[in-house]
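Working notes, beginning with the structure itself.
Readers should treat all values here as calculations from the given coordinates under stated rules, not as data from a laboratory. It should be emphasised that the depicted structure is a prediction, and the values quoted were computed from it without experimental measurement. Here the Cβ positions follow ideal geometry from the backbone for every residue, glycine too, while neighbour counts run over all protein chains shown.
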Ligand code: PHE
């Protein structure tokens with residue numbers, strides 16, 4: 001089994017908790033969640049999101065971690081160890097995918113048809129291993145463009161300290177943002193160097209190993225992240241006019257809740273909790289059997305949700321107090337917010353900006369290092385690579401793809417020939433950057449598909465009963481206790497050991513995993529790819 005040498009597993013539950021929280025708390029919490037909340041009904045959306053997290057996030061994360069720990073191996077091995085390699089589901093998926101490929105070919109989408117046909121053929125030949133294989137590929141793609149954003153945060157920090165950034169007006173902030181985001185003119189090299197600097201930081205941490213690298217840095221950086229958030233929150237909330245921002249972010253407006261909001265919440269839960277690409281599975285494989293998976297999962301998800309809400313409270317009061325209108329995504333983070341922080345009275349704008357981008361850098365870094373683990377563990381476990389060599393290869397690969405991403409953010413003038421090929425393959429005639437291509441390929445297509453496959457594998461193929469056995473290792477008996485007794489704070493005397501209750505957290509977990517997760521994930525997937533519009 002992997003993970004027996006000390007540096008290749010967590011020192012204990014706390015190490016796992018902080019590393020997994022580090023993976024999940026990232027750009028998704030800071031630039032995606034706050035804005036999504038503000039636009040989708042404020043507090044009402046937060047409640048909806050928490051419901052979705054309970055229904056999908058908790059069961060799926062427990063499933064991934066238990067599969068990883070039970071297999072004690074990388075995703076490719078984990079997805080073949082528990083059952084026969086192939087079966088009805090894999091054959092059915094293969095047939096549907098091959099059929100889909102034919103339909104795509106006929107409807108004039110040959111490049112899409114090739115991609116779908118390849119995946120179908122893989123299912124046919126490799127069976128469940130296909131899912132594990134994609135857990136090795138998708139993180140590499142994601143890290144390639146995550147590193148670009150990580151580089152921007154570094155550039156903002158360094159240039160703010162050097163006094164190069166003019167955030168005094170919104171136009172000034174736009175003038176800072178545009179050349180960086182679009183890697184234009186003389187900024188091209190700065191953007192590439194910053195992105196490579198970010199990747200070098202990831203490399204340094206990962207090379208030090210699971211315990212001495214990931215765990216040690218997460219234990220230092222995660223508390224620092226929360227301290228920075230608290231400082232920014234106190235500053236934001238003490239500004240005159242802060243209440244308007246809080247109202248935009250949190251005032252519940254149930255009329256704004258739509259079916260589309262539900263689907264947005266599902267997508268957000270997946271992304272922010274780092275689910276559906278074998279990260280929690282790999283992190284689970286480094287976990288010892290005495291650890292309580294249920295508790296650890298609730299801890300990770302609690303911290304992630306707390307961080308998302310805190311980010312909103314840090315951001316919107318400052319934006320509204322300074323009289324700006326909120327916007328979404330990169331615009332909010334890299335333009336409106338710096339301008340707002342800059343205007344905070346007291347002449348300390350630079351400091352607020354540096355603190356904010358430091359927070360964003362830390363959040364991105366601890367997420368980025370988690371993306372290296374699934375592919376690294378596959379290379380080590382399946383292809384017998386030495387861990388250091390595996391990490392170096394992955395980071396190099398991501399850096400190269402990332403540079404292409406950074407250079408082609410705005411348009412393809414930096415790389416015209418390559419641009420023509422990508423445009424043709426992915427977009428037909430519509431314009432789109434390499435960054436968007438990778439983002440939509442991963443987040444809209446592959447993540448929900450892998451998540452769906454994971455729920456089916458753990459819930460139906462390996463079986464919720466076997467998975468529950470794994471979850472019981474290290475559990476205090478809560479999983480088999482009567483849920484009403486638990487909620488009311490009474491513990492059954494036997495600690496639930498005789499399994500006579502039928503309404504237990506363990507049983508509810510199995511139900512959610514087998515029925516609720518697949519349906520909701522499938523709906524979200526159809527919505528993302530435009531088959532169903534909510
Ligand atoms: N969870 C991270 C975030 O919220 C993103 C991420 C997704 C990181 C998947 C790793 C894997 O930004």
With a Cα-only, solvent-free Debye model of segment 228-277, what are the log10 I(q)/I(0) values at q = 0.13, 0.19, 0.22, 0.32 Å⁻¹?
-0.54, -0.85, -0.88, -1.08
Debye intensity ratio I(q)/I(0), log10, segment 177-321, q values 0.13, 0.18 Å⁻¹ (C-alpha model)
-0.95, -1.29
Can you grab the distance from the C-alpha centre of segment 341-411 to the C-alpha centre of segment 80-101, Å, no decimals?
34
Listing 475, 159, 212 from the residue with the fewest other Cβ atoms within 10 Å to the one with the most, what is the order?
212, 159, 475
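Take 202, 528 and order them by how many other Cβ atoms sit within 10 Å, fewest up front.
528, 202
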Over segment 115-172, what portion of Cα pair distances is larger than 14 Å, expressed as a whole percent?
71
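Using Cα pairs under 8 angstrom and six or more residues apart, how large is the relative contact order of segment 272-418, in percent?
Numbers: 64 pairs, mean separation 24.9, N = 147.
Relative contact order of segment 272-418: 17 percent.
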What ratio of Cα Rg to 2.2 N^0.38 Å holds for segment 138-262?
1.37
Once you compute Rg and the Kirkwood Rh from C-alpha atoms, what is the Rg to Rh ratio for segment 94-196?
1.26
Against the empirical 2.2 N^0.38 Å scaling, what ratio does the C-alpha Rg of segment 292-342 come to?
1.52
Order the peptides 188-199, 264-275 from the highest to the lowest mean number of other Cβ atoms within 10 Å of their residues.
264-275, 188-199
Cα-Cα pairs in segment 1-135 separated by more than 25 Å, as a whole percent of all pairs, come to 52
Which of 387, 178 has the fewest Cβ neighbours within 10 Å, and the rest in rising order:
178, 387
Largest first and in whole Å, what are the equivalent-ellipsoid semi-axes of segment 298-416 based on the Cα gyration tensor, each being the root of 5 times an eigenvalue?
35, 21, 12
Of all the C-alpha pairs in segment 13-59, what % are more than 16 Å from each other?
53
Using every pair of alpha-carbon atoms in the chain, split the distances into 10 Å bins beginning at 0 and state the percent of pairs per bin, rounded to integers.
4, 18, 29, 28, 16, 5, 1, 0
What number, in percent, do you get for the relative contact order of the chain if the mean sequence gap of Cα pairs under 8 Å and at least 6 apart is divided by its residue count?
29
Bin by bin, in steps of 10 Å, what percent of the Cα pairs in segment 256-357 do you find, going until the bin that has the longest distance?
12, 31, 27, 21, 8, 0
